[in-house]
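The values are calculated or read from the model by the stated rules, or taken from the named source; none is laboratory data. Owing to the predicted nature of the structure, the values given are computational and were not obtained by experimental measurement. Methodologically, a virtual Cβ is constructed for each residue, glycine included, from the backbone with ideal geometry; neighbour enumeration extends over all protein chains shown. The accessibility values were calculated without ligands, DNA or RNA, using every heavy atom of the protein model including side chains. Shrake-Rupley method; radii C 1.70, N 1.55, O 1.52, S 1.80 Å.
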Amino acid sequence: MISTPSYRKAFFSALCLHLFLIVMLLTDNSSQRPVLTAESQNTPGMEQPIAVTSPQSEVVKAVSVDNKEVMETVNRLKQEREQQQRAEVNRQRELNRQAEAAKQQRVKEQQQLARLKEEANKIAIAHKKQAEEEKQHLKKLAEQKALEAKRIEELKKQKDELVKQQQVETKRLADLNKKKIAEKAKSDKLKTEQAAKERADKEKADLAKADMERKRAQAAAAQNAEQQARIAGEVDKYKALIVNAIGRNWILPENVNSSLTCQFRIRLAPDGAVLDVALTRGSGDSLLDRSAQTAIYKASPLPVPTDPATFNMFRDISLTVRPEQVRG
Amino acid sequence: MINRIITLFFILLTQQVFALDLELTQGINSALPIAINTFGSDSAAQEAAQVIENDLTLSGQFRIVSGPQGANAQASVGTLRQLGADSVVTGHITKSGNNYEISFTLTDAVANGATLLTKTYQINANQLRPLAHHISDEIYQKLTGERGIFSTRIAYISVQRSQRGAHYSLEVADADGHNPQSLLVSSEPIMSPSWAPNGKNISYVSFEKKRAQIFTVSVETGQRRLITSFPGINGAPAWSPDGSQLAVVLSKSGMPKIYTVDVNNGSMKQLTFGDAIDTEPRYSPDGKSILFTSGRGGSPQIYRLSLADGQVGRVTFEGNYNARASYTPDMKNIVMLHRDDKQFNIGLQNASGGPIVSLTFSGRDESPSVAPNGRLVLYATHNNDKGVLGIVSLDGRIRMKLPARDGDIQEPAWSPYLG
């Protein structure tokens, strides 16, 4: 039979099926993991709807009732109701109290608001007053400034007047100065004219004298030579006398630098009086210059030759001062 | 022919303007004659004029010419010139309340009354003497070209001896001896006052704790500081020119030796060594060396210590006793106490060596102190057995004594230029 192909197919199929069934029956195919099945859903917090049963038909069924049980149940029910009522009352009282408290709070807040408003008013009034005062103060300052400006104007006017006066004064002084300078120029001119005249006269006199002497010299040549020698000697003598006279009066400044020199031009009158001392070259040390100048003035009148001819050589002398030696 | 030449020569001579050239090389060293015209007739004016007169006389370089006798009004410059004055000081004082306005004019009496100097001041009544000293400084500087010392001060020790014992006082007075102020009073000796270079402090030795201690005191506030207080001698303090060090004599190591003490941090350094007595140190004005008295040569002589290398050299070789030496400010001379044949006088020697010249002759002179202008020496001497102060000029020409005070005055010290 197995050799028939259809039989074979049926046989194997049946075998497989039987094996399959055996396997299925013997093994446990249940999974390991627990699986949640929606048998009953428990949502917390929600009240389970109470199944409302339809009102039963009015069928009087007399049932024996236990009085004690009923009384207990009634009492229990009463107690529960009382409890509920008390709870209600308490709740109401609580609510009332809260309402009162809230009302008082509100009143208080209103009062505070009223107070704050008052204060705000007061501050506003104070501010207004301050603003008023400031305005008045500013007005006063403006007035003062106006006064000051007026005063400054007046002062400026006064100053202008003074300046004008000063200008007039300076002009007057300038005129005076000019006059003085003119006068001085005039006197100087006179002096130079006089000096020129003197010199011219002297020249004329000298020329005349020279003429006479020439005539006399022809007679005595030896006498002329002798006179020249004598005058030269006189000049030397008087030079030494003058230097000594000045040196005797010259108080040297201490610690003076002995390498310094200064130069003076001295004009003498015929009697030896010092007419003028002029510093022609300073030494750089004003103390030294002044000490020499003082000495020259103090030594006046200087020894000069009496002979007019020889004296003429001493009218203008130049003195060089060099502090080399100190005596006593 | 020759006559013609001669007359031509004469003509030429007379035509010249500068006929002769003269040369002056010799003058004299003499005091400048000056006259102080009265400043007025009230007491303030007389005091001012008197102070100026005294100051100029004290300098030794001026000779006061007195005005015409019995004249209360101011004499003219011409009159004073006739009397011999080369310069004239004229002044005015006006008083308003407690203040004075003082003006003065210095005129050159010889050169036609040219004004050399004129100034005006406004002061409080109690500044009259200081202002008069300042005017003297101005006049002195204008006429001699040097800075005046009339606003400087002197410090000295005054000793009052009585039956109960002695009473010592460290005093500071004006350079003319007036206006003394006491900085310290003690029944035990005070010695060796020395001015700091800034003129604000004085160092001295005090025996108030029955032993020697060196202090410095502030002249203005009187506050003092203890500098050294070692066992034995603490003596002869001398300031360095920069005011930071004091050279002192200490005998803590046996013999008196010279040390320096830093005034600010107190650090000390020994300067001289050896077995002889070294004392009386004095810094040179350039701060590079110290002069001191030492017995290392057998007798007290002056030696010089070079601060850079510590070398000591001997300075004096004449006489058998030379001590208390100090340089003049220009460092050209040394002034010292010099004994010659038992006579103690003030001696002067050139800094580079040479003979010692005696400036004073009383035989009882000591403690010389040189003025800051280097011209005068202040020293202690005796007058009829009383200790007084004297001043002598370096050239020996001027010699004078300061006004006497109560008690004996000794150990003077001249301040540096102040302010």
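Against the test of being away from chain B (no Cβ under 11 Å) and closer than 17 Å to A:ILE317 by Cα, the options A:ARG265, A:ARG281 yield a single qualifying residue, A:ARG281.
Taking the range B:321-419 as the region of interest, the strands (runs of 3 or more DSSP E) fully inside it that hold 3 or more residues being over 21 Å from B:GLN61 (Cα atoms) are B:321-327, B:333-340, B:343-350, B:376-383, B:386-393, B:408-414. When A:LEU207, A:LEU155, A:LEU147, A:LEU162 are screened for being of a type outside the set (D, E, K, R), open to solvent by 100 Å² or more (accessible area, probe 1.4 Å) and within 14 Å of chain B (Cβ to nearest Cβ), only A:LEU207 passes. Would you confirm whether or not the range B:133-153 contains a residue that is in contact (Cβ under 8 Å) with a residue 12 or more places away in the chain, open to solvent by less than 10 Å² (accessible area, probe 1.4 Å), within 19 Å of the chain's Cα centre (by Cα) and within 13 Å of chain A (Cβ to nearest Cβ)? Among the residues of the range B:133-153, at least one is in contact (Cβ under 8 Å) with a residue 12 or more places away in the chain, open to solvent by less than 10 Å² (accessible area, probe 1.4 Å), within 19 Å of the chain's Cα centre (by Cα) and within 13 Å of chain A (Cβ to nearest Cβ), which makes the answer yes. Looking across the range B:18-52, the residues that are within 14 Å of chain A (Cβ to nearest Cβ) and not aliphatic (A, V, I, L, M) come down to B:PHE18, B:ASP21, B:GLU23, B:THR25, B:GLN26, B:GLY27, B:ASN29, B:SER30, B:PRO33.
So, A:LYS215, is that one surrounded by 12 or more Cβ atoms within 10 Å (Cβ to Cβ), out of contact with any strand residue (DSSP E or B) (no Cβ under 6 Å at 6 or more places or on another chain) and among the charged types (D, E, K, R) or not? No; evaluated as a whole, the condition is false for this residue. The numbered conditions (1) facing chain B (nearest Cβ under 8 Å); (2) closer than 30 Å to A:ASP206 by Cα are all true for A:PRO303 except (1).
In this structure, does A:ASN249 turn out to be facing chain B (nearest Cβ under 9 Å) and farther than 28 Å from B:LYS142 by Cβ? No, not satisfied. The set of residues in the range B:259-315 being open to solvent by 50 Å² or more (accessible area, probe 1.4 Å) and polar (S, T, N, Q) consists of B:ASN264, B:ASN265, B:SER267, B:GLN270, B:GLN311.
Would you be able to say whether some residue in the range A:291-298 is without any contact (Cβ under 8 Å) to a residue 24 or more places away in the chain and either open to solvent by less than 50 Å² (accessible area, probe 1.4 Å) or more than 9 Å from chain B (Cβ to nearest Cβ) (or both)?
Yes, the range A:291-298 contains at least one residue that is without any contact (Cβ under 8 Å) to a residue 24 or more places away in the chain and either open to solvent by less than 50 Å² (accessible area, probe 1.4 Å) or more than 9 Å from chain B (Cβ to nearest Cβ) (or both).
Scanning the range A:247-290 for residues that are assigned to a helix (DSSP H, G or I) and open to solvent by less than 30 Å² (accessible area, probe 1.4 Å) yields A:GLY247, A:LEU287, A:LEU288, A:ASP289.
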